[in-house]
Amino acid sequence: MTMSLRATALILTAAMALSACAQGGLRGGDDAINLNGAQGAFGSVSDPSSIAYFNQIVGDRVLFAVDQSTINASAMAVLDGQAEWLMTNPEFTALVEGHADEQGTREYNLALGARRAAAVRDYLVSRGVAPNRINTISFGKERPLEICSDESCYSQNRRAVTVLGTGAGV
Amino acid sequence: MLLTRRSLIRSASVFAAAATLPGLVRAQTRPLRLEITEGVIEPLPFAIPSFIARNGAAADAAADITRVIAADLRGTGLFRQIPDSAHISSVTNFDAPILYPDWQAINAQALIVGEVEQQGGRLIVRFRLFDVFSQQPLGDGLQFVGTRDGWRRMAHNVADQVYERITGETGYFDTRVVFVHEEGPKNARLKRLALMDYDGANVQFLTDSRSIVMAPRFSPTGDRIIYTSYESGQPRVYIMDVASVSRRPLEAVSAGNMTFSPRFTADGGSVVFSMEQGGNTDIYRVPVSGGARSQLTNAPSIETAPSFSPDGSRMVFESDRTGGQQIYVMPAGGGEVQRISRGSGRYGTPVWSPRGDYIAFTKQERGRFHIGVMRTNGSEERLLTASFLDEGPTWAPNGRVLMFTRETAGANGAPAVYSVDISGRNLQRVATPGMASDPSWSPRLP
């Protein structure tokens, strides 16, 4: 009985740790190393001018329909927030990463990712962000975030992620 | 590991094979010939007794060369090897008369006899091919001379000769393949450019795994490779000299403009590639030696994956100008664009056959991927494969076999290189040291 309880507790702890990783890890672009802990290099989520705040509260990414680069209504809401944040925090630059799901040929997906990144950049510029603060890059299908082969993963991989930096801009 | 190209001197010395073989009886008049057609082919049975080692030093090479020749021929799906255990005759002297009845009795239609001699660091390989039922040699005996460590190429040269004499098609065994070697989990893949013999032997890495690389292509002479790398931080076209493994960016491109999908023109003097500006991708052309860039397509859609006809007069490419990926042909110098893909689904990665007769492509329809071929006007479309994800065909130099990438589904999905012939037969996985993608077949080695 004791043994069984302990085993259950261990499994629970492990499950909680896993879900914390999946949801709470700070991310500076999907290629960057996750820095765990609210006081990491990305600052505190409670500090509205921190990268952590931008990534988690404003939202650093928008999603796209299959083979599309149209900014939909929910993406607009996220990007409106990004534009506002970028204008109140002018020391930051942004690199918009465009991605595709695996259901496409490699080079086409590279072009599709570029189209998505450009759509986000154009939208941010239309909302007042200076064009020279935003750069774009495409990863095509080279860097999936989720690795299963069905729509639940594909929908998360068809994305554009705004990665903040403090570089000199474009 | 660095491999250098071995010199292989092809000696055209013909040693009058027929003259040494007395008393030939012609049992049939039709010479041995295998037509490669679209229909089902019964593999042609052949026998290859282990090549004779003329001296002790050549024993290993003789056995290895025999094994590779047999594997080349079997791998085509056109030939069936009769096991040595079924042989009645043994061949102990390269110049001895062939006991045709012994080979007829086991239904060997072709017989390959050879010998290997080692002199210092050099190998000499001689072979003869016999048409067993016509009871005569098929072509002259040939001798190849090369370095000891060039034995695989010598074996491939013998196999090419046998293949050519029996099928009338150019052989493709003495060739190499540049591809992308992959390691690591699906969401953090490491990629390296690598080179291998067409059969997976002699793997050589050309780049390290620090930057994503993709879609390499050989130059028409095989001495250069062009590919896309993230080395500078963004996708950019690089050109590499194969012998020295030195590389340089194809041209200076301003930041923010991604270049990718490079291919050599038919004469190798220029490169066509895609460049993205502000989200829009078009195809451009630039001389390898530097010079002005010219724009070949100008549309608000994605234009990519160009490929030239062997005569250099036309270019095939993919575009999503009508909404989804389709295949188009245009004159090489620019001009009227004609859509050639007509079926349902999406069509991409068109590659013009080195023979000029077909265009290979990737087709995507209802969640499945196919490798297919069509005539250059889009007619006679045939799908050769089907799977979760097949893409990126590349032609063998004789235009009769294709390699492509096949990736399996799921979190543990992995890419591998496969080959298939243009009738859709003989689907095989190519032996690679690990996960592999984006193969590009070299021309015949010089």
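The values are calculated or read from the model by the stated rules, or taken from the named source; none is laboratory data. Owing to the predicted nature of the structure, the values given are computational and were not obtained by experimental measurement. Cβ: placed from backbone, ideal geometry, glycine included. Neighbour counts: every protein chain shown. We work out accessible area using only protein heavy atoms, side chains counted, and drop any ligands, DNA or RNA first. Shrake-Rupley method; radii C 1.70, N 1.55, O 1.52, S 1.80 Å.
So here's what we get for this one:
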quantity	calculated
Cα centre as origin, Lys/Arg/Asp/Glu Cβ charges: the protein assembly as shown dipole, Debye	440
Theoretical FRET efficiency, 1/(1+(r/R0)^6), r = Cβ-Cβ of A:ALA73 and B:ARG342, R0 35 Å, to 0.05	0.45
Peptide B:319-325, shielding by other chains (average Cβ, 10 Å cutoff)	2
Buried accessible area, chains A and B (both chains, 1.4 Å probe, Å² to nearest 100)	3000
Peptide-level mean, for A:111-123, of C-beta atoms on other protein chains within 10 Å	5
At R0 = 22 Å, FRET efficiency that the Cβ-Cβ distance of B:ARG33 and B:THR221 yields, to 0.05	0.10
Computed magnitude of the charge dipole of region A:28-165 (debye, nearest 20; Cβ of K, R +1, Cβ of D, E -1)	300
Two-site FRET efficiency, A:GLU91 against B:LEU427, from Cβ-Cβ distance with R₀ of 56 Å, rounded to 0.05	0.50
Region B:156-184 versus region B:248-319: alpha-carbon centroid distance in Å	29
Point-to-point label distance, B:GLU42-B:ASN107, nm (Cα→Cβ direction, 7 Å offset)	0.7
Centroid-to-centroid separation of region B:78-95 and region A:108-128 [C-alpha atoms, Å]	65
Dipole magnitude (debye, nearest 20) for region B:177-441, charges at Cβ of Lys, Arg, Asp, Glu	300
Gain on full stretching of the segment that runs from B:ARG210 to B:ARG293 - 0.36 nm per residue minus C-alpha separation	26.9 nm
Over chain B, relative contact order from alpha-carbon pairs under 8 Å, at least 6 apart, %	11
Residues in region B:320-356 reached by a label modelled at A:VAL66 [backbone nitrogen below 15 Å; 7 Å Cα→Cβ]	B:324-325, B:344-347
Dipole-positive endmost among B:SER270, B:ALA386, A:TYR53 within the protein assembly as shown (Cβ charges, Cα centre)	B:SER270
Residues of type aspartates and glutamates that B:LYS191 reaches as a straight line, Cα spacing below 16 Å, ignoring anything fewer than 8 places off in the same chain	A:ASP31, A:GLU107, A:GLU142, B:GLU182, B:GLU183, B:ASP208, B:GLU231, B:GLU407, B:ASP438
Spacing of the two label points (7 Å from each Cα toward its C-beta) at B:ASN93 and B:LEU190, in nm	5.8
20 Å cut-off, amide nitrogen to a point 7 angstrom out along B:ALA409 Cα→Cβ, residues in region A:146-166	A:146-158
Angle between chain B longest axis and helix B:151-167 axis [Cα atoms, degrees, rounded to 10]	80
Acute angle (nearest 10 degrees) that the helix B:59-75 long axis makes with the longest principal axis of chain B, alpha-carbon atoms	60
Computed P(r) (all Cα pairs; chain B; 20 Å bins; percent)	24, 51, 22, 2
Average beta carbon contacts from partner chains per residue of B:359-372, 10 Å cutoff	1
